[in-house]
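A.B. asks: One structure is given below, represented as structure tokens, and several questions about it will come after.
The values are calculated or read from the model by the stated rules, or taken from the named source; none is laboratory data. Owing to the predicted nature of the structure, the values given are computational and were not obtained by experimental measurement. As a convention, Cβ positions derive from the backbone with ideal geometry for all residues, glycine included, and neighbour counts pool all protein chains shown.
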Amino acid sequence: MNTNSISNAISNTVFLKTVNADSKGEDTKTFAGFLSEALAKTNNMILEAENISDEFAAGQIEDIHKVLIAIEKADIALQFTLQVRNKILDAYNEIMRMQI
């Protein structure tokens, strides 16, 4: 079997296209779509934590609990994102070690 045709089929079906879920016109997301959405959410949490920290330093917010909660949420989201990245890299390296 030709490996180029397999890789082209995978690229076309998994990474490049969105498939219609039903006749209502709803689109299901690809893995790349889910990943980019998760990265955007993580980035938004980090930016929100930075903004809240700046507001606290400027004296606009007096509730330190709100600041600490936002910072912890951003930290947990970043740690989770790093772990997902590590797992993806491990899977990629394992696939690259496979013999055809």
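A.B. asks: Within region 38-86, count every residue that is out of contact with any helix residue (DSSP H, G or I) (no Cβ under 6 Å at 6 or more places or on another chain) and not in a helix (DSSP H, G or I).
C.D. replies: Within region 38-86, residues that are out of contact with any helix residue (DSSP H, G or I) (no Cβ under 6 Å at 6 or more places or on another chain) and not in a helix (DSSP H, G or I) number 5.
A.B. asks: Name, by its number, the condition in (1) of a type outside the set (Phe, Trp, Tyr); (2) part of a helix (DSSP H, G or I); (3) modelled with pLDDT under 90 that does not hold for SER23.
C.D. replies: Looking at each condition in turn, SER23 falls short on (2).
A.B. asks: Give the residue, chosen from ALA70, ALA74, ALA38, ALA49, that is surrounded by 12 or more Cβ atoms within 10 Å (Cβ to Cβ), closer than 30 Å to ILE95 by Cβ and either at pLDDT 85 or above or of a type in the set (Lys, Arg) (or both).
C.D. replies: ALA38
A.B. asks: Output the number of the condition that ARG97 fails; it satisfies all remaining conditions of (1) loosely packed, with under 13 Cβ neighbours inside 10 Å; (2) among the basic types (Lys, Arg); (3) within 15 Å of LEU39 (Cα to Cα).
C.D. replies: (3)
A.B. asks: Something else about it: How about region 87-100: which of its residues are not in a helix (DSSP H, G or I) and not β-branched (Val, Ile, Thr)?
C.D. replies: If the condition is that a residue be not in a helix (DSSP H, G or I) and not β-branched (Val, Ile, Thr), then MET98, GLN99 are the ones that fit.
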